[in-house]
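Please read the structure below before turning to the comments.
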Amino acid sequence: MTAMATSNRLGFGRRQEVGGRAQQMFDHFRDDATDYAEQGRDRLQRAGRSISHFVREEPLEAALIGASITMAVGVAVVLSRLWIRRTSR
């Protein structure tokens, strides 16, 4: 066997080893990402059920909270437009 053939064979084995490690890391990260996505989905579903329950139990209070949030967003939009207009001069 020539030195070149031996070198190529050793290089191929090393490439396989590195490729295997990279695949393991990818699988680990994919599994973690899947777990985090499932946890986030579960939390959002629980929050949605909690909000729905609150709205059914306290409709007037929920409407007042919604109106307050809407007003706060509206005030923020108006103030930001005034601020932008003032700073752009």
Criterion: assigned to a helix (DSSP H, G or I), loosely packed, with under 10 Cβ neighbours inside 10 Å and out of contact with any Gly (no Cβ under 7 Å at 6 or more places or on another chain) - qualifying residue of Arg56, Arg49, Arg81, Arg41
Arg56
Considering only residues that are among the aliphatic types (A, V, I, L, M) and under 30 Å from Phe54 (Cα atoms), which ones fall in segment 64-85?
Leu64, Ile65, Ala67, Ile69, Met71, Ala72, Val73, Val75, Ala76, Val77
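Computed from the coordinates by the stated procedures, all read-outs in this text should not be read as laboratory data. Owing to the predicted nature of the structure, the values given are computational and were not obtained by experimental measurement. Cβ: placed from backbone, ideal geometry, glycine included. Neighbour counts: every protein chain shown.
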